[in-house]
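Colleague: What follows is a structure written as structure tokens; I'll ask about it next.
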Amino acid sequence: MKDDKVEGATMTNDRNGAGRQLIESELEEIEKEARVFVASQWQLMWWKFRRHKLAVICGVLILLVYLVAIFAEFLAPYPTDAVFSQYTYAPPQRLHLFDHSQGLRFEPFVYDYTVEVDPEALRREFTVDETSKIRVGFFVEGEPYKLAGLIPASRHLVGSLDPEKPMFLLGADRLGRDLLSRLIYGTRISVSIGLLGVFLSLLLGILLGGISGYYGGWIDNLIQRGIEFTRSLPTIPLWLGLAAALPEEWSALQVYFAITVILSLVGWTSLARAIRGRFLALRAEDFVLAAKLDGSSEFRIIVRHMLPAFMSHVIASITLAIPFMIIAETSLSFLGVGLRPPIVSWGTLLRAAQNVRAVATAPWLLIPAIPVIVAVLALNYLGDGLRDAADPYN
Amino acid sequence: MFRFIVRRVVITIPTLILISMVVFAIIQLPPGDFLTTYAAELASTGTSVDAMMLENLREQYGLGQPIYVQYWKWVRNILTRGDFGRSFEWQKPVTEVIWGRLGLTVIVASASVLLTWVIGLPIGIISAAKQYSVADYAATFLGFLGLAVPEFLLALVLMVGAFLLFNQSVVGLFSPEFVEAPWSLARVLDLLKHIWIPMVIVGLRNTAVLVRVVRANLLDELRKPYVITARAKGLSEPKVLLRYPIRTALIPSVGTAGWNLPDIISGTMIVAVVLGLPTTGPLLLRSLTSQDMFLAGAFILLISVLTVIGTLISDILLAWLDPRIRLQYYG
């Protein structure tokens, strides 16, 4: 900046056109700076976040994942419990968009299988039959459902046009259920448990972390010891113990909520620490003192003056806490003490891959691992980007 | 230093008491007490139920008495006689079932910690010293991957991969002929042949964390004026690095080493379940699903206590390295 000005000054002395141009660019610079001064904090955050390309891409990716979760019924070709007993462990079929046989036409199809039963292993052997095609349509009529739980509909994004022949774009499982459909429904459970768990953690974290950071003293000491205690426990054995103690007769929904609560019982500590840290830092700020001298109530100081100042940090911490929840749920369900069938989640789907022999015959059972890794990675990058952007004055 | 250690140990005691309470609560969570289950089990197999023995056991564990009496008896049995109760599934005192498995858990966990440091430290230093180089980007990417892939998935993929590619089983900690064998040099060598897989899997996540922490701290240090001074004086680059910045940058990592212990133990358990290791993981899972609560409780208690002790040791180590921490406790 300084060098620019000096250069600009000498240039204008020379009284040439380039000098005027420089002044203009300088004016632009000042204007830009003025824009920065009057921009709201969220505006600044957005500008800074936008520069972090990878984080933006990951943000879009996460948005897509949540859209899949919301519109699962529309995207999934079949319901989760649709069993095609003739197609146990049917391998994935490739979706061909164009038919080359009679010129190039947009006519999506998948090749049919021929099935042979191996008399020794009593297993079905599938081979791709290139002579027989199953026509595939978009926006096909199927099982009726309620879109996002509200709008009644019966169209599905893709589906086999032949009512006799189902299609398995990602293969079928042990019972002949479509893995793609189950994966899509599983997305809903897995990502929502992450959100819900983080929400519960956040409530606990804001309450306890806020009290701890705002009041300080013995209550801060007590809460800090509590956090240290919780963090010193190995989580998995603790979770296992709590999860295994859930009564057998509980419904799927009850287990779902119980697991969420169990996950957030441990997850709140990191959020509480982050919030306490911000509270401690802000408490000493001049504007808080000014508000206090002005006679604002404590509630008003917290909600009106302090909350907006650390909300951005909290959002970043939340984004980083969700992947932790997703991994936890997946691990617990995989071990068989988390969610139980008939609930479909990424973890319960991966449970089918626990048996090496099953995976050896049907490697596509490992596919649910991909969304887990992608979602967790993307949330981590997104959280990193948000955390960097949360401090726009830096 | 001595005063610090004493204070730190004293602080640990309430933690241990709290842990024992939490574990006892978990033991009590399933409906019914274990003796009723035990009696039902005996009756269902046709064994005659010895009322006298049941009465004795009932007295010994204080069943039917108020909960705090039961808790007190449980704790007293553990402290005075090392008696963790009885596993009704194994028909043995809990202690006989767990010690061997606990030992192997500690071995796998400590091996993973060691691996984390041996690998993570140099990578962290290199990626800070050569910031924005290919090695740095590779380390960052690997770090994120290590964070994103749950341990059980890694174990699963490795197991399936080994099975499909080499038709080799990576399950277990020992070859079949050594499973029941007494400890000998050959058995130790066999253990070393198998232990690296769980070691790598469990260590990866924490290696990733360590690399990130070391890199960030070392980068902060490298920007400080004393580093420039050292360079200006003509010290060679490795010497500049090793002399001060690395030593200062290491302190936070040593501090978090203890914090990572719960993660490592958790990871060990999950990987053990997938790979079928003869450690605590699979047994704990089984005891929980069959509601063999005294066994499960003993596992959770001992593992938590081990974790707390591990954290204690790393805190003492940290205070020994960093006088500022020591002083905090004098205040």
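The values are calculated or read from the model by the stated rules, or taken from the named source; none is laboratory data. All values derive from a computational prediction rather than experimental measurement. Neighbour counts run over all protein chains shown; Cβ positions are idealised from the backbone, glycine included.
Colleague: Just a yes or no: is a residue in the stretch B:238-255 of a type in the set (Ser, Thr, Tyr) and farther than 19 Å from B:Gln131 by Cβ? Show your work before the answer.
Modeller: Going through the stretch B:238-255, the residues of a type in the set (Ser, Thr, Tyr) turn out to be B:244, B:248, B:253.
When the remaining residues are screened for being farther than 19 Å from B:Gln131 by Cβ, the result is none.
No - not one qualifying residue is present in the stretch B:238-255.
Colleague: Further question on the same structure: Which helices (runs of 4 or more DSSP H) sit wholly inside the stretch B:122-234 and have at least 3 residues that are at pLDDT below 85?
Modeller: On the way: elements: B:134-148, B:151-166, B:185-222, B:225-232.
Helices (runs of 4 or more DSSP H) meeting the threshold: B:134-148, B:151-166, B:185-222.
Colleague: Would you check if there is a residue in the stretch A:178-188 being among the β-branched types (Val, Ile, Thr) and either touching a residue at least 24 places away in the same chain (Cβ under 8 Å) or within 14 Å of chain B (Cβ to nearest Cβ) (or both)? Let's see the steps before the verdict.
Modeller: Our first condition is that a residue be among the β-branched types (Val, Ile, Thr); within the stretch A:178-188, this holds for A:184, A:187.
Then drop every residue that is not either touching a residue at least 24 places away in the same chain (Cβ under 8 Å) or within 14 Å of chain B (Cβ to nearest Cβ) (or both), which leaves A:184, A:187.
Within the stretch A:178-188, one or more residues are among the β-branched types (Val, Ile, Thr) and either touching a residue at least 24 places away in the same chain (Cβ under 8 Å) or within 14 Å of chain B (Cβ to nearest Cβ) (or both).
For (1) at pLDDT 85 or above; (2) on the phi < 0 side of the Ramachandran plot; (3) within 12 Å of chain B (Cβ to nearest Cβ), each residue gets a yes or a no:
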{"position": "A:Leu289", "(1), (2), (3)": "yes, yes, no"}
{"position": "A:Leu339", "(1), (2), (3)": "no, yes, no"}
{"position": "A:Pro363", "(1), (2), (3)": "no, yes, yes"}
{"position": "A:Ile370", "(1), (2), (3)": "yes, yes, yes"}
{"position": "A:Leu379", "(1), (2), (3)": "yes, yes, yes"}
{"position": "A:Asp384", "(1), (2), (3)": "no, yes, yes"}
{"position": "A:Pro392", "(1), (2), (3)": "no, yes, no"}
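Colleague: Among the residues of the stretch A:237-253, which ones are more than 10 Å from every other protein chain (Cβ to nearest Cβ) and of a type outside the set (Asp, Glu)?
Modeller: Matches in the stretch A:237-253: A:Trp250, A:Ser251, A:Ala252, A:Leu253.
Colleague: Let me ask you something else. From B:Ile246, B:Ile251, which residue is at pLDDT below 80 and assigned by TED's automatic domain parsing to the domain that holds B:Gly310? Full working, then the answer.
Modeller: Details: B:Ile246 fails: at pLDDT below 80.
Exactly one residue qualifies, and that residue is B:Ile251.
Colleague: Are any residues in the stretch B:268-307 surrounded by 20 or more Cβ atoms within 10 Å (Cβ to Cβ), within 17 Å of B:Ile26 (Cβ to Cβ) and at the interface with another protein chain (Cβ under 7 Å from one of its Cβ atoms), and if so, which ones?
Modeller: Matches in the stretch B:268-307: B:Met269, B:Leu284, B:Leu285, B:Leu288, B:Ala296, B:Phe299, B:Ile300, B:Ile303, B:Ser304, B:Thr307.
Colleague: Another question about this same structure. So which of A:Leu208, A:Leu150, A:Leu203 is surrounded by 16 or more Cβ atoms within 10 Å (Cβ to Cβ) and among the aliphatic types (A, V, I, L, M)?
Modeller: Numbers: A:Leu150 fails: surrounded by 16 or more Cβ atoms within 10 Å (Cβ to Cβ); A:Leu203 fails: surrounded by 16 or more Cβ atoms within 10 Å (Cβ to Cβ).
Testing whether each residue is surrounded by 16 or more Cβ atoms within 10 Å (Cβ to Cβ) and among the aliphatic types (A, V, I, L, M) leaves just A:Leu208.
Colleague: Starting from the stretch A:49-67, take each residue that is closer than 16 Å to A:Leu320 by Cα and list its partners that are surrounded by 15 or more Cβ atoms within 10 Å (Cβ to Cβ) and of a type outside the set (A, V, I, L, M), counting only C-beta distances under 6 angstrom and pairs at least six apart or across chains.
Modeller: If the second residue must be surrounded by 15 or more Cβ atoms within 10 Å (Cβ to Cβ) and of a type outside the set (A, V, I, L, M), the pairs left are A:Phe49/A:Gly385; A:Leu54/A:Tyr381; A:Ala55/A:Tyr381; A:Ala55/A:Gly385; A:Cys58/A:Tyr381.
Colleague: Here is a list of conditions, (1) among the aliphatic types (A, V, I, L, M); (2) within 11 Å of chain B (Cβ to nearest Cβ); (3) part of a helix (DSSP H, G or I), and A:Met325 meets all of them except one; can you say which number that is?
Modeller: Failed condition: (2).
Colleague: Hey, another quick one. Here are A:Glu107, A:Glu26, A:Glu116, A:Glu33: which of them is touching a Gly at 6+ places or on another chain (Cβ under 7 Å), at pLDDT below 80 and acidic (Asp, Glu)? Reasoning before the result, please.
Modeller: Details: A:Glu107 fails: touching a Gly at 6+ places or on another chain (Cβ under 7 Å); A:Glu116 fails: touching a Gly at 6+ places or on another chain (Cβ under 7 Å); A:Glu33 fails: touching a Gly at 6+ places or on another chain (Cβ under 7 Å).
None of the others qualify; the one that does is A:Glu26.
Colleague: Among the numbered conditions (1) in a helix (DSSP H, G or I); (2) within 17 Å of B:Ala155 (Cα to Cα); (3) touching a helix residue (DSSP H, G or I) at 6+ places or on another chain (Cβ under 7 Å), tell me where A:Ala353 comes up short.
Modeller: Of everything listed in (1) in a helix (DSSP H, G or I); (2) within 17 Å of B:Ala155 (Cα to Cα); (3) touching a helix residue (DSSP H, G or I) at 6+ places or on another chain (Cβ under 7 Å), A:Ala353 misses just condition (1).
Colleague: Which one of B:Gly124, B:Gly143 is closer than 21 Å to A:Asn380 by Cα and within 14 Å of chain A (Cβ to nearest Cβ)?
Modeller: Step by step, each of B:Gly124, B:Gly143 is checked, and only B:Gly143 is closer than 21 Å to A:Asn380 by Cα and within 14 Å of chain A (Cβ to nearest Cβ).
Colleague: If you don't mind, another one. Among the residues of the stretch A:204-236, count how many are farther than 23 Å from B:Thr279 by Cβ, within 14 Å of another protein chain (Cβ to nearest Cβ) and either in a loop (DSSP other than H, G, I, E, B) or among the hydroxyl-bearing types (Ser, Thr, Tyr) (or both).
Modeller: The total comes to 1.
Colleague: Among A:Val314, A:Val374, A:Val344, which is within 30 Å of A:Lys48 (Cβ to Cβ), more than 10 Å from chain B (Cβ to nearest Cβ) and of a type in the set (Val, Ile, Thr)? Outline the logic, then answer.
Modeller: Numbers: A:Val374 fails: more than 10 Å from chain B (Cβ to nearest Cβ); A:Val344 fails: within 30 Å of A:Lys48 (Cβ to Cβ).
None of the others qualify; the one that does is A:Val314.
Colleague: Between A:Ser232, A:Ser264, which is crowded, with 21+ Cβ neighbours inside 10 Å, farther than 20 Å from B:Gln28 by Cβ and at pLDDT 80 or above?
Modeller: Of the residues listed, the single one that is crowded, with 21+ Cβ neighbours inside 10 Å, farther than 20 Å from B:Gln28 by Cβ and at pLDDT 80 or above is A:Ser264.
Colleague: Which of the residues that make up the stretch A:357-387 are more than 19 Å from the chain's Cα centre (by Cα), crowded, with 17+ Cβ neighbours inside 10 Å and not in a loop (DSSP other than H, G, I, E, B)? Walk me through it before giving the result.
Modeller: Of all residues in the stretch A:357-387, those more than 19 Å from the chain's Cα centre (by Cα) come to A:357-366.
Those still in the list that are crowded, with 17+ Cβ neighbours inside 10 Å too: A:359, A:362, A:364-366.
Selection gives A:Val359, A:Trp364, A:Leu365, A:Leu366.
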